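Working notes, structure below.
The values are calculated or read from the model by the stated rules, or taken from the named source; none is laboratory data. Just so we're clear, the structure is a prediction, and the values are computed from it rather than from any experiment. For neighbour counting, all protein chains shown are included, and Cβ atoms are generated from backbone atoms with ideal geometry for every residue, glycine included. These accessible areas exclude ligands, DNA and RNA; they are computed on the full protein's heavy atoms, side chains included. Shrake-Rupley method; radii C 1.70, N 1.55, O 1.52, S 1.80 Å.
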Amino acid sequence: MDKVYNHKDVEDKHYKTWEEKGYFKPEIHPDGKPYCIILPPPNANGDLHFGHAMFTVEDILIRYHRMKGDSTLWLPGTDHAGIETQFVYEKKLQSEGKSRFDYTQEQLYQMIWEFVSESGGKIENQLRKLGFSLDWSREKFTLDPDIQKLVYQTFKQMHDDKLVYRAYKLVNYCTKDGTSFSDLEVTHEERNSPLYYIKYGPLVLATTRPETKFGDTGVAVHPEDARYKQYVGKDIEIETVLGKATIRVVADEAVDPEFGTGVVKVTPAHDFNDFEIGKRHDLLMKQVIGFDGKLNEHAGKFAGLYVKQARSAIIEEMHAKGLIEKIDEGYINRVGLCYKCKTVLEPLPLEQWFVKVESLKNEAVKAVKEGKIRIHPKSFETQYFQWLENLRDWNISRQIVWGMRIPAWRCRDCSEPKAQSAKRKTTSQNSKAINNEPIEQFSNNSEWIVTEGEKPEKCPVCSSTKLEQDSDTFDTWFSSGQWPYVTLQTAKPGDFEKFYPTAVLETAYDILRAWVSRMAMLGIYRTGEVPFKDVLFHGIVNDPLGKKMSKSKGNVINPLELIEQYGADAVRFALIYGNATGNDQSLSYPKLDAARKFTNKLWNMARFLEMKRVSSIEYQVLSIEELKKTAKNTTDREWVDKVEQLVKEITRYIDDYQFNLAAERLYEFIWHEFADKYIEDVKNRMDDNSYLILTTLYVILIKLLHPFMPFVTEEIYQKMPGHGESIMIEPWPTQ
RNA sequence: GGAUCCUUAGCUCAGUUGGUUAGAGCGUUGCAUUCACAUUGCAAAGGUCGGAAGUUCGAGUCUUCUAGGAUCCACCA
C-alpha cells in the first residue's frame, strides 16, 4: 500500500464497478423491505453545485438502507426547467443576433431540445463524481413522453373534476420575457417612486402610476371617511389630459384613509387590488397597457409609448394643465420584478388556466397535521402550513415554448375568444385591448376540449376540424409537482406498487413551497396517498465568508474542483460533519482539510494492519457476539464492547436523521479512541488473537463509515483479509 | 406587517425527551516522534453558552421579555 491515500486512483474505478455490477438497483435485495428516495431532479441543462452536493444526505440514507438489506431505490431524473432553460437559450440566440421571435413555437422547442440534448449526461456524470448510488437504469426526464402522458392525464382528470378552470385574471407579466409568472416567482425590490397628488375633479388622490389613469374606471374612498361621504355612489366629472370624463366614486374597506389623501383611483386592468375592488363594485375593465409594455390606443396621443416614457410625458402635460397639486419625490415603495431579467412586472389581464387549490391544499395540510407526512426539522412545518393556508388559485399557464404544451384545444369556428391572448410573435398588432368590459371571472370550460395529449378530431359542438391548441405550456412546477408518482409509474413495471409512497423526500428548504407543498397536493389528489412519509430539509451552502454563492457576485465555488482536490469522500464528509440538519453552512476549507486527513488516517490504519498481518492465521469474518467469545485479552474484549456500543449509536443517529452526530462520533471514535488508544495499546503486545479482533473491529468501523465515505472505505475493504465482493453490499453491522 | 432561524473557545460550528468537571475542527503554546500516518502522538491555554427575568432539586437546553444578525412570506395605492 502507498504511504498516502490517493483518491484520484480509486474513485472512478469503484463507481464504475458498482454501476456495472448493478449494486445501485433495488434488485440486489429483491425481497427486502422497500425503501425509496426520489432524487430532486436537477436542471437537465445545469451544472453541479453545492445544492446537489448536499444530496449526500440521501446517499447516506440509501447506502445505509441497502446495507440493512432493504430493497433500496434511489431514482434519478432531470427537469426541463422551463423558464430557466429557455432564458439561457434565448441569451444564446441573442449572442448570435437572433431572438425567439424569429422562429415558430415548434422550431424553437426543437432547437432547445437539441440544445439540452447536447449537454446530455453532463449533470449525471457530475453526480457520479460524488459517489451517489443512483439507479441510472431508471433515470427519467420530465419531458419523456410517458411522463408527459401522465401529467396530461392529471390535467384532464382535474378538468373533469372541475379543479382547473380557464379564467380571465390579472397576472404578473414580464413584457420583456413575454410570459406571466406565478406569485412565487415575483421578486420585490424597494424603489423610489414619486407619489403624485393629482386633481380629480373635486377630489385629489395620490398615485405612483399616473400613466394607468386612462384605465381608471372608478375612484375609491373608505366607507367611514367623513371627508368624502357626500361623493360615494356618485359620478363625478374630472378634467384629464385627454379632456373631460366622468367617473364613479365607490366606498371600499380596502382603502386606507391615512394614506395620501384617502382617495384611490381604481384601475381594475392594471392593479391586483383594484381588480378586486372593481369586482366588488361592478366597475368596468379597461386595458391601457399592452403585452409589449406600451400604452395602447386608449391612451390617445400617448399611445405607443413605453410605460416609463408615458409616465413622464403625462406628468409634464398634467403640470401644464395644472392638474398636479404636489409631488412627494422621496416616496419609496416595493415593486414586483421579473426574477429572471429584473424588468418591472406589469399586472395585465390575461386568460389563463388556473388550478382550484382549495380542496387540494386542505388535503395537503391534513396530511401533515395527521402525521402522514412528517417534516424534519419540525420548525419548517409552520412555513408549510402558512403558505398553503394562504394559497390562492394557481396559475399554471406559461407563455413559453420550453415545456409541456397544454393539452387543450379550442374550435376556431364556434368559440369566440373572450379576451386576447398575449401572442408570442406580434403582440402589439394582435392585441385588441379590452375596453370597458365588465369584470367577470368565467370558467367556461365547455369551450375548451381537454384531452390526455392527443389532438381531438373535431369540435363536439359544430364538428369543425379547425381546432387550435392552446399555445401555452404548463408551469414547470405543475409537472415536477407530480414527480414522485410519475417517475415510479414509468420507471419499471411494479415500481409504483412497491415503492410508493416513498420513504423520504430530501431537499433544500428553499423549495418547500414551490415544490414540496405542490407534490403533497398533486400526489394526494392523483394517487390518494401521500407521495412521501418523511420530508427532510438541508440548508444552503454559502461561501467561506458566509455569503450566498451567486454568479453575479462571482463567489461561486465549483464542487467538482473540490472533489478533484480533496476527494469526494472528504467533500461529502465536510458537508455533513458539524452541521445540524436544516441549518445553513459556510464552506470551510479547514473542515475539508480535516476530512481529507481523516481519509488518510483510515488508510494508514489499514496499512498498519497490512504490515502486521500474520500470514499463518486463517482470517474469518466474525460477528460481534462471536468476537466477544473469541477475544482472549481483557482489553481486546473491552474494545469489542465499545464498538458494539458505537454500532448502536450510529444506527440510532442515522435513523433519527442526525447525520452530523453520526459523522462526528465516527470521526472521534475511529481516530481518537480506536487509533490513538486501542491500536497504540495493542501495538506492543500483538498476537494472532489480538490481530484478529483488531482487524475485525476495524472492518466493522469502515462499514459504519461507508455511507458517509463510500470510496475510501471500499478501497480499504478490498485490501482486508477475508473481504467480500464489495463493502456496499455487505450487511450493516449488528450484534 | 407576519413568520422562522442564528447569537456557545481567537475563527467556523456541534451539543433533539433539561442532569455529573460545556465539545470538535482550524488556530495558539509546550513536549515527543519520523517507529502505519506529505506527519502523527501527548499535553496546555482559552468559554459567567448575546442580555434580563422566570419555571425547576437542577437550564446552553423550557417560558416570557429584550438586543444584534440572517432568511422567507405578504405587500403599500
Which cross-chain or sequence-distant (5 or more) residues have an amide H under 5 Å from the amide H of A:Lys140, H modelled 1.01 Å from N in plane?
A:Gly77, A:Thr78
What shape does segment A:347-406 have by the C-alpha gyration tensor, where a ≥ b ≥ c are the square roots of the eigenvalues, rounded means a/c under 1.5, and otherwise prolate means a/b greater than b/c and oblate the rest?
prolate
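Ordering A:His14, A:His298, A:His672, A:His49 by how much accessible area each has at a 1.4 Å probe, largest first, what is the list?
Numbers: A:His14 15, A:His298 35, A:His672 65, A:His49 90 Å².
Result, largest first: A:His49, A:His672, A:His298, A:His14.
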Using the Karplus curve 6.51 cos²θ - 1.76 cosθ + 1.60 with θ = phi - 60°, work out ³J(HN,Hα) for each residue of segment A:373-390 in order, rounded to whole Hz, and write x for Gly and Pro.
10, 10, 9, 10, x, 4, 4, 6, 4, 4, 4, 4, 4, 4, 5, 4, 5, 9
Extension reserve of the A:Lys629-A:Phe608 stretch, reckoned as 0.36 nm per residue once the Cα distance is removed
5.1 nm
Could you state the accessible area per residue of chain A in Å², with a 1.4 Å probe and every protein chain left in place?
42 Å²
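Summarise the accessible area of chain A (1.4 Å probe, protein heavy atoms) by the percent that is carbon and sulfur. Walk me through the numbers on the way to the answer.
Numbers: 14600 of 30520 Å².
Its accessible area is 48 percent carbon and sulfur atoms.
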For a quick check: with amide H placed at 1.01 Å from N, whose amide H comes under 5 Å from A:Thr343's, ignoring anything fewer than 5 positions away on the same chain?
A:Cys338
What FRET efficiency would be calculated for the residue pair A:Glu237, A:Glu468, taking the C-beta separation as r and a Förster radius of 51 Å, to the nearest 0.05?
0.70
Taking placed amide H atoms and a strict 5 Å upper bound, the residues 5 or more places from A:Thr179 or on another chain that come that close are A:Cys174
Can you give me the angle between helix A:307-321 and the longest principal axis of chain A, using Cα atoms only, in degrees from 0 to 90, rounded to the nearest 10?
30 degrees
Determine how large the accessible area of A:Asp282 is when every protein chain is in place; take a 1.4 Å probe and give Å² rounded to the nearest 10.
130 Å²
Would you mind checking the tilt of helix A:688-705 against the longest principal axis of the Cα atoms of chain A, expressed as 0 to 90 degrees and rounded to 10?
10 degrees
If each of A:Asn390 and A:Lys301 carries a label point 7 Å out from its Cα toward its Cβ, how far apart are those two points in nm?
4.5 nm
Tell me, how many Å apart are the Cα centres for segment A:530-547 and for segment A:634-691?
30 Å
Contour excess over end-to-end distance, with Cα ends at A:Arg652 and A:Lys16 and 0.36 nm allotted per residue
225.9 nm
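How much length is gained if the chain between A:Asp47 and A:Arg191 is pulled fully straight, taking 0.36 nm per residue apart and subtracting their Cα-Cα distance, in nm to one decimal? Display every interim value, and only then the final one.
Numbers: separation 144, 0.36 × 144 = 51.84 nm, distance 3.34 nm.
Roughly 48.5 nm would be gained on extension.
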Report the accessible area of A:Lys366, computed with a 1.4 Å probe over the heavy atoms of all protein chains in place, in Å² rounded to the nearest 10.
90 Å²
Heavy atoms only, 1.4 Å probe, whole protein assembly: order A:Arg637, A:Arg311 by accessible area, highest first.
A:Arg637, A:Arg311
Please give the solvent-accessible surface of A:Met720 in Å², to the nearest 10, using a probe radius of 1.4 Å with every protein chain present.
10 Å²
Helix axis angle, A:82-95 relative to chain A longest principal axis, alpha carbon, degrees:
80 degrees
Could you compute the net charge surrounding A:Lys642? Neighbours are other residues with a C-beta less than 14 Å from the C-beta of A:Lys642; K and R count +1, D and E count -1.
-4
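Over all distinct alpha-carbon pairs, what is the Kirkwood Rh of chain A in angstrom?
29.5 Å
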Exposure ranking of A:Arg410, A:Arg596 by accessible area [1.4 Å probe, largest first]
A:Arg596, A:Arg410
Starting from the 7 Å offset along Cα-to-Cβ, what nm value, one decimal, do you get for the label separation of A:Arg280 and A:His319?
3.6 nm
What whole-number distance in Å separates the alpha-carbon centres of segment A:191-219 and segment A:82-98?
38 Å
Within 10 Å of each candidate Cβ there may be at most 15 other Cβ atoms; applying that plus a DSSP loop requirement, which GluC sites (Glu not before Pro) in segment A:229-290 survive?
A:Glu253, A:Glu258
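If you take every DSSP beta bridge fully contained in segment A:205-278, what fraction is antiparallel? Give it as a percent rounded to 5. Before the final figure, lay out the partial values.
Values: 10 of 13 bridges.
About 75 percent, rounded to the nearest 5.
Which translational diffusion coefficient, to the nearest whole µm²/s, is obtained for segment A:1-120 from the Stokes-Einstein equation, given a Kirkwood hydrodynamic radius over C-alpha pairs, 10 °C and 1.306 mPa s?
Details: Rh = 17.7 Å.
Translational D for this selection: 90 µm²/s.
Calculate, for A:Ser119 and A:Glu370, the FRET efficiency according to 1/(1 + (r/R0)^6) with r their C-beta to C-beta distance and R0 56 Å; round to the nearest 0.05.
Values: r = 43 Å, r/R0 = 0.77.
Efficiency, rounded to the nearest 0.05: 0.85.
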Here, A:Thr104 and A:Arg209, labelled 7 Å along Cα→Cβ, have an inter-label distance in nm of 3.7 nm
